[in-house]
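These notes concern the structure reproduced below.
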Amino acid sequence: MKYAAKKLVTMLITLLSISFLVYFAFDIIPGDAALAALGTDSTPERLEALREQLGLNRPFLERYFEWLANFVRGDFGVSYKYKMPVADMISSKLPITVMMALISFAMMVVVSLPLGVYTAMNSGRRIDRLIMVVNQIMMSVPHFFMGIVLTYIFGLVLKLFTPGGFVSYETDFWRFISYLIFPCIAIALPKIAMSVKLLRGSCIEEAAKDYVRTAYSKGNDTRGVLYKHVLRNAMIPVITLWGMTLADMLVGSIVIEQVFNIPGIGRILLTSISYRDYPVVEAVIVLIAAVVIVTNFCVDIIYQIADPRISVGGR
Amino acid sequence: MTKRRHKFSKVLFVSMLLTLTVALGGCAGDKEDGDSSRIAIGIPQDLSSLDPNIAEGSGTQEILFNIYEGLYKPDSDGNLIPAVASGYTMSDGGATYTFTLRDGIQFHNGNPVTVADVKYSIEKCAGLNGGDPLISAFSNIESVETPDDRSIVIRLKEPSTVFLAICATIEAAIVPADVADLETNPIGTGPYKFVSRSLQENVVLESFDDYWGEKAHIKNVTLKVIADSDAIVMNLEGGAVDMMARVSTAQAAALSDKFELLEGTMNLVQGMYLNNAVEPFDNELVRQALCYAVDKQEILDFVSEGKGTPVGSSMFPAFGKYYMEELNDVYATDVEKAKALLTEAGYPNGFSFTVKVPSNYQQHVDTAQVLAEQYKKIGVTANIELIEWESWLSDVYQNRDFEATVVGVDASTLTAGAMLSRFRSDAHNNFINYSNAEYDAEYEKALAAEAVGDDEAATVHYKECETILTLTAANVYIQDMCELVAINKKYAGYEFYPLYIQDLAKLYIVE
Amino acid sequence: MKKWKAYPVNFRIGAVITGIMLLLIVIGFFYTPYNPTAMDNSAKLAAPGLRHIMGCDNFGRDIFSRVLKGMGNTFLIALATVVIGVVCGTVVGAFTGYYGGWLDEVLMRVNDVVFAFPSILLALVFVSIFGTGKYNVVLALGIAFIPSFARIVRGEFIKYRDMDYVKSARLAGVSNLRIIFVHILPNTLTVMLSSVMIGFNNAVLAEAGMSYLGIGVQPPDASLGSMLSEAQTYLFSAPNYAVFPGLMIILMVLGFSLLADGIKER
């Protein structure tokens, strides 16, 4: 419990620092939203009036604390560009990106778990070598390039899906899911490769340990040994990787959304950056960072449950 | 051992199969044809606003053209035709305009358009109800009166012959006085009405059955945002969109024969705009040297397969009477001459400068790359810096913090002022810091002639302005770019306008 | 020197691939068959052939020449990123690990903050503040890489600081700085080496992602990532335009990760 409490405090401090840094960073950017909103027809007078109206002339700290207080309450401000609450903008797009991350994550777990164990059990055989070679190559392919290749092969040549034919989950949930399959494969493939490699390595390492031999000698049948001991211990580093991966996938979807023309949170972020729509950019970045931090926190806790050897001092 | 392996193979197989089934099962329902009365059109960016009076950017306005109308509107030849008004009369030498409201015209919500709505809209744009004018040219409006329920009388502070053209822009659209939030509930009088919108995803329109004029042919229109220009070809080929305006020649070349390619012009002046206030561009000789060094035809060949119209000043062909084709040849490519001019200007070994290019316009980026190659021949190094469009607006356009930039400058109305007023020394939008007393004087004369209704004299003076811009090499003028529209052969009826307009109502289905 | 055959297979394949890649990069610094920015109207989107072995891009520029230059750019960006990450990470990790205490606490919290920021996200923030360009990308990625190296080094230092040989050195009056840099640091090198290589790969992939989003190396200069993004439009008419830069990224990353594996296995 002490461990968890300590981690929790750390997490909150980290969250706070990030929100401050992000807010600060976007405050010192040259050029501002008043100008972006007015565009080529702006005059100095209209510009000044809009700055006043948007509150861009008030002191920095005052604005930060007000922003933070509202943020915690779920009020992320109003988009300069769309003149609508940022929370509304994000809430309709977040499910898309989260769904992508979750599907990719599920793909990774479902494929890499059996494949990792399978290759470990067949290590040295031809099938293992083959899988490991493919694996190694998959790890080296940038996921957006994989996305381009998948679009080309499955979208244009085999016509299994319509590139750009995204359908919102609000319109048709199953078509929405089916459109996400290929983008998710693009995100998941390198991660699958990574976790297969890690799981295989750690299974082999674990299986060679003394206690496994002891278990054999005690008359345990092989499958029991494998499940109970080897896999459980071998999973520990894999869980850490997965924890980091979930966050990676969320961020990876920013790029993949561009390849597959999916209007998710990444699209909102990129366009908002180019529009200098600060409230949106700040909210999205802090939100993504928060998800990453909270995920890491959960992983730490799970990790501790899975492996009680981690000391409370928690280096 | 074998048994165990078998089991794992099975798990593996089943999980793979599962993934595949989900994938394929989903894909089966992906194709959708049949309902012939719909079209999906790709747009390169989301609409900035649905309120026409405050909407910024040509990309938004060209779409809102279908939802809203002004008192007048442009047709595809650039003439102004009656819209919400059915006619007008001009009196007091252009200081008073009296519009007659069209009979039986309705808003999308079914309410009739009244003179009160018109008064409200014009006053909103002119800032007469407090606040700044939304349209700067409307600050000239003295008052808006409605003597009866069919007429609107607009009095101007100073006579103007171009007032009607401003009334025909989408910013001056007539909106209902009783609808507060056009942003989420856009109500206009155009041939299409708004149905729904999903940010950065799409805008859905439906034809308006009670439209006063020729009704739209296609019932359902979905405007789909394709933010990544690299994905345009895939979206078209894959069938996600049926039409896309302003595809690049490269994209056009990659399309199959399912698509028809229509060719028009973009109606803008693409050029390398030079900051006339910074060294070395404050030197006319240097600017002229840069003009001589450019081979416009080569740029067209590289960037757009030779398509496009070279221009020599800040005016493009669609302007008709103002356009001066002869200015194109003032700086025929002459590398030796350019070098000589540079030497004369004190730069025998050339110099280097930075050219800022908005990264979202691939054609400008490509043009800048060709320019940089051409300038190498005269020893001048052009370093390209790609910037976001919004940074371009603030750094280049507003703060004028740049040396050179490649962009296209377009016109919001077909009035000479729309292209030429910005080059007056004290113009607020004179982003190139052009300062030339002769030009200012000539422009004043044109305005004076316009004020007394002497259009011929005004035209002469405007042409003189264009000539001055060319001779002093204010900018390196390149071309009016060609516009390619890719449209699935199932559809036809696309019409080019001399302004930034996408007229969806004219599209129809072939069959 | 061990015999070549004594190294693991991974290591040998990795070494060969990396060797070829490095050779190409070095050649690219001094010589390219064509000027990588010279345009040729007659060779627009030319297919691979004898004159242009990888074909030409939409400006008629030789893709092979651009790939050579682009590899150099990508390599230098990745290298600079890793150097920033390793140098700063080592300093932070060494001091926090060796001294511990409040400095450790504070720096590790800062570390956590940066670590929580996915590198692409950090680079996006950087670019939106300072503008596009390879230097900003290098800086952003470099900073994003510091925490992971700092953690590794710190862990090693914690392991070594209480070892007997360190204690005796301290008793013998050797200064802390000398202990850190002369006595302990060399021992962390093996652990660092494979992390550096993995870090290098991440940098290559991150650069490619950034350039795909249109930030990073500016035209007419090329990097493998920016070439890929330019090539996407021509996927139908000239697939070779996308294939070669893509292949080079894959080979570069593959070579290094095999090497890193080999080092670990050894």
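Observations, loosely collected:
- Residue pairs, from the table B:K224/B:K258; B:K296/C:K69; A:K83/B:K463; B:K258/B:K506, whose Cα atoms sit over 31 Å apart: A:K83/B:K463
- Between 0 and 90°, nearest 10: helix A:278-306 axis offset from chain A longest Cα axis: 20
- Inverse of mean 1/r across different Cα pairs in the stretch C:76-172, Kirkwood, Å: 14.3
- Phi angles of the stretch B:491-505 translate, via the Karplus equation with coefficients 6.51, -1.76, 1.60 and θ = phi - 60°, into HN-Hα couplings of 10, 8, x, 5, 10, 7, 10, x, 10, 6, 8, 10, 8, 7, 5 Hz per residue; Gly and Pro are given as x.
- Note, ³J(HN,Hα) from phi for the stretch B:84-91, Karplus 6.51, -1.76, 1.60, rounded to Hz, x at Gly and Pro: 5, 8, 9, x, 8, 10, 10, 9
- Its Kirkwood hydrodynamic radius, worked out from the mean inverse distance over all distinct Cα pairs, puts the protein assembly as shown at 32.1 Å.
- Annotation: the antiparallel percentage among DSSP beta bridges lying fully within the protein assembly as shown is about 75.
- Structure-based [θ]222 nm, chain C - -39500 (n - 2.57) summed over DSSP H runs of at least 4, per residue, nearest 500: -23500 deg cm²/dmol
- Amide proton proximity set for B:E142, modelled H, under 5 Å, gap of 5+: B:R155, B:L156, B:K157
- Look at C:W4, A:W67, A:W242 and count the other Cβ atoms within 10 Å of each Cβ; fewest to most, that gives C:W4, A:W67, A:W242.
- Size of electric dipole in the stretch B:34-90: Cβ of Lys, Arg +1 and of Asp, Glu -1, about Cα centre, debye, nearest 20: 100
- Proximal aspartates and glutamates to B:K307, defined as alpha-carbon separation beneath 12 angstrom and excluding residues fewer than eight positions away on the same chain: B:E263, B:E298, B:D480, B:E483
- Nearby lysines by direct alpha-carbon distance to A:K197 (threshold 18 angstrom, same-chain neighbours under 8 apart not counted): C:K264
- Legend: ranking of residues A:T171, B:T98 from fewest to most surrounding C-beta atoms inside 10 Å; resulting order A:T171, B:T98.
- Residues with amide H under 5 Å from that of B:S151, placed H, sequence gap 5 or more: B:L101
- A viscosity of 1.002 mPa s and a temperature of 20 °C, combined with the Kirkwood radius over Cα pairs in Stokes-Einstein, give a translational diffusion coefficient for the stretch A:150-214 of 146 µm²/s.
- The stretch B:140-188: projected area of the alpha-carbon convex hull, averaged over directions, in nm²: 4.4
- Comparing chain B with the 2.2 N^0.38 Å rule of thumb, its C-alpha radius of gyration ratio is 1.11 (two decimals).
- Cα-only Debye scattering, the stretch C:1-158: base-10 log of I(q)/I(0) at q = 0.08 Å⁻¹: -0.40
- For B:W212, residues with placed amide H under 5 Å, excluding near neighbours: B:Q106
- Calculated on the alpha-carbon coordinates, the convex hull of chain A measures out at 175 cubic angstrom per residue.
- Taking only Cα atoms of the stretch B:316-447, radius of gyration then Dmax in Å: 16.7, 43
- By the equivalent-ellipsoid construction on the alpha carbon gyration tensor, the stretch B:334-378 comes out with semi-axes of 26, 11, 7 Å, ordered largest to smallest.
- Note on the stretch A:90-266: the alpha carbon radius of gyration divided by the globular reference 2.2 N^0.38 Å gives 1.20.
- Stokes-Einstein D for the stretch A:227-283, Kirkwood Rh over Cα pairs, 4 °C, 1.567 mPa s (µm²/s): 95
- As a rough footprinting exposure proxy, the listed residues C:L254, B:L341 were ranked by other beta carbons within 10 Å of their own, and the order from fewest upward is C:L254, B:L341.
- Candidate membrane-span-like segments in chain C, meaning DSSP H helices with Cα atoms spread over at least 30 Å of their own axis and a Kyte-Doolittle mean of 1.6 or above, are C:9-30, with no membrane implied.
- For chain C, the Kirkwood hydrodynamic radius comes to 20.3 Å, computed from all pairs of different C-alpha atoms.
- Span per principal axis, largest first, for the Cα atoms of the stretch C:169-266 (Å): 72, 31, 16
- Remark: the stretch B:138-154, residue by residue, has Karplus-estimated 3J(HN,Hα) of 7, 5, 6, 7, 8, 7, 10, 10, 10, x, 9, 7, 10, 10, 10, 10, 10 Hz, where x stands for each Gly or Pro and the curve is 6.51 cos²θ - 1.76 cosθ + 1.60 at θ = phi - 60°.
- Dimensions in Å of the stretch B:60-106 - Rg and Dmax from alpha carbons: 12.4, 36
- Helical mean residue ellipticity (222 nm; -39500 (n - 2.57) per DSSP H run of 4+; nearest 500) of chain B: -8500 deg cm²/dmol
Every number in this text was worked out from the coordinates using simple rules, so none of it is lab data. Only a predicted model underlies this, so the values are computations on that prediction, with no experimental measurement involved. Cβ sites come from the backbone with ideal geometry, for glycine too, and all protein chains shown count toward neighbours.
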